[in-house]
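Visitor: Sharing a structure with you now.
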Amino acid sequence: MAKKCTVRSTISEDSKALNLEGKSLIRIPEIATEQTQVEVLNLSHNKLRRLPISTINLRNLTTLKLNHNKLTEFPEVVVTLINLTHLFVNDNQLSSLSANLKNLKKLEELELRNNKMKNLCKNIVDLNHLKKLSVAGNPLVSEEITRLVILMALQNIFIDIAG
């Protein structure tokens, strides 16, 4: 019961944001995924290894912050959040992205700094609204860096490769 009160107190009515940053969560409380009006969800600085399937209920979500967690696989449920414009997954342990990332047709900003990514292009080339991509701190192979530079030139995307 106490968790429900804590979660409710972090919901900002006027901004439709839910801030659960730094709560040492290992899983998301059910009440968080019941907040279907939420547009911004900050789950940064927790201990999350995955997102529950109930995250699919957050249909209005435009910004999702998953920085500084323990994600080793890209949460497949994220690709169902078709209204996302900003996705932050910095400082995790991701080595690949979902092939279904292309479903995020409104995505404008994708931050993947400090993960374990070696290849990215095949997953981001179809993100037509992408304006900013941050991938510094990943062990990108030189061929991938070349592809990212070409992608940047062709699609007018700002890409942060070096930090």
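Visitor: Give, as a single signed number, the net charge of other residues whose beta carbon lies under 13 Å from the beta carbon of residue 132, with Lys and Arg counted +1 and Asp and Glu -1.
Guide: -2
Visitor: Another question, if that's okay. Structure shown: which of 105/131; 70/116; 16/132; 65/131 lie over 20 Å apart, alpha-carbon to alpha-carbon?
Guide: Details: 105/131 12 Å; 70/116 12 Å; 16/132 24 Å; 65/131 17 Å.
Beyond 20 Å: 16/132.
Visitor: Among DSSP bridges having both ends in the chain, what percentage is antiparallel? Round to the nearest 5. The partial results should precede the final answer.
Guide: Working: 2 of 20 bridges.
Antiparallel bridges make up about 10 percent of those DSSP assigns within the chain.
Visitor: Using the crude model of +1 on Lys and Arg Cβ and -1 on Asp and Glu Cβ, and no other charge, please compute the dipole size for the chain relative to its Cα centre, in debye to 20. Numbers along the way, then the final one.
Guide: Details: 22 positive and 16 negative charges, 76 e Å.
Dipole size: approximately 360 debye.
Visitor: In addition: Around residue 45, with a cut-off of 13 angstrom between Cβ atoms, what is the net charge of the other residues, counting Lys and Arg +1 and Asp and Glu -1?
Guide: +2
Visitor: A further question follows. Give, as a single signed number, the net charge of other residues whose beta carbon lies under 10 Å from the beta carbon of residue 141, with Lys and Arg counted +1 and Asp and Glu -1. If you can, show how the numbers build up before the last one.
Guide: Working: positive: 118, 147; negative: 143, 144.
That sum, taken over residues with Cβ under 10 Å, equals 0.
Visitor: How many percent of the accessible area of the chain is carbon or sulfur, using a 1.4 Å probe?
Guide: 50 percent
Visitor: With every protein chain kept in place and ligands, DNA and RNA left out, what is the accessible area per residue of the chain? Probe 1.4 Å, answer in Å².
Guide: Heavy-atom SASA per residue in the chain reads 53 Å².
The values are calculated or read from the model by the stated rules, or taken from the named source; none is laboratory data. Note that the structure is a prediction, hence the values are computed from the model and not measured. FYI the Cβ positions are ideal-geometry reconstructions off the backbone, even for glycines, and counts take in every protein chain you see. Only protein heavy atoms, including side chains, enter the accessible area calculation; ligands, DNA and RNA are left aside. Shrake-Rupley method; radii C 1.70, N 1.55, O 1.52, S 1.80 Å.
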